[in-house]
1. Mind listing which trypsin sites (Lys or Arg not before Pro) in the range 258-308 are in a DSSP loop and have 14 or fewer other Cβ atoms within 10 Å?
2. With Cβ to Cβ distances under 14 Å as the rule, what net charge do the other residues near G259 carry (K, R +1; D, E -1)?
3. Averaging sequence separations of C-alpha pairs under 8 Å and six or more residues apart, then dividing by the length of the range 1-74, give the relative contact order as a whole percent.
4. Where Lys and Arg each count +1 and Asp and Glu each count -1, what net charge lies around Y15 among other residues with Cβ under 11 Å from its Cβ?
5. Once you have the Cα-Cα distance between I44 and H195, take 0.36 nm times their residue separation minus that, and quote the gain in nm to one decimal.
6. Run the simple label-point estimate for S23 and M96 please: 7 Å along Cα→C-beta, distance reported in nm.
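No value in this document is a laboratory result; all are computed from the given coordinates. Since this is a predicted model, take the numbers as computed values, not measurements. Neighbour counts are summed over all protein chains in view; Cβ atoms, including those assigned to glycine, are modelled from backbone coordinates with ideal geometry.
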Amino acid sequence: MADRDKIQILKDALYEAARDHGSDQRLFTQRDLLDMQVIPQDNIGLLMQVIQILCDEKLFVGNTTASGLSWRWRSREDAKKYTSLPNSEIMMVYAMVDEAGADGIWNRTIKNKLNMADSLMKHCIKYLEQKGYIASMKNVEHPNKKMYIKANLRPSDRATGGPWFTEGELDTAFINELQEIVFDFIKQKSTYTSHGGGAQQREKNPKKGVVQGTIPHSEDISKGTKRSAGEISNDDTAAAAPAKKTRPGKPQLLPLPAGYKSYPTVSDIAKFIHHAGITNNTTLSEADIQQLVDVLYYDGLVEPVKVNGRKGYRVTRIPKQDPRTCNQRRLDHDPTKGGIVTSFMGVEPSASGLMEAPCGRCPVYDMCEEGGPVSPSNCVYFRRWLDGDEVQEQVISI
């Protein structure tokens, strides 16, 4: 057996070399450790002695893979926690919580894998919580399960739900607001607004050659009498042509020309949201923005377009889109006339007489029949709908 002092030196050298060659999640094989040129003459026996000491001191963690044994290093702070635990049962429970990482682990999973009595497992968990080594956590995928995680770890996005969850609850208001902002940005960047030339309003001219009322210099000509071409020409020069009046055209969104290359990408949208400071303390990655865009795509509100080898997006049914932003449409909306609207994104749904008829949402539909207390002939809702007038609510005696 090699000298113990020499093995201690090799142990420290191999540990530092492993730290320099990869993160604490990387698995090292025997070949990897020998290639670090710490063990002299690639002595396998000496290497295994050094690895055994590192495992005993909890600085190395062994793993069995398809290619054989491998090891990963553990920080000295974590190793010190392991060596400070009073018994093997508590150490095994802590090891399982440690291996679960940022996703956490269910207490029943610990119990089943270790085949441990419920009372003993609860004692181990209570000890580790009191020491501050582990902490309970909520998992949005398993809200009713009691989960545990290492106290110094931040739960993963998978466990917390990422930015879309607040205290374990889906934040629908935040998601809907962000979706509207993303939709408005894509609509702005993938269309242009046309105000048109305005419609011209012309005064109606009389039919050619027919006198309409009194004509200057022709008092003796009776109404409706045919006039000569010369008289008509003289009237045109004597009376100035009426001024043409124009009214401004209604703004309309139009598609951009073919070959346009600046449609917004997910990266562009993420930069816009970041610089605008819309999300305050919540940081959204491009993957988070991609999830929002995917929802808009599946709802048929946007469609992908190739942009210089990347994927850009534009809104669908551009000529029918409303030029106003979602927030402007919400402020302009009158619920007494348009009913309840759940979304102000995209094109307004087409309506027909059958959809607008009050029968579909009538509160006394079951009582409506001819000769009954409520009937189409005396329906106040029908009168309001057909006449378009505001009819005062009437109390129906039943």
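1. Numbers: sites: K261, K271, K306; in loops: K261.
Answer by residue number: K261.
2. +3
3. Relative contact order of the range 1-74: 37 percent.
4. After counting each charged neighbour, the total is 0.
5. Answer, rounded to one decimal: 46.2 nm.
6. Each label point is offset 7 Å from its Cα along the Cβ direction, giving 2.6 nm.
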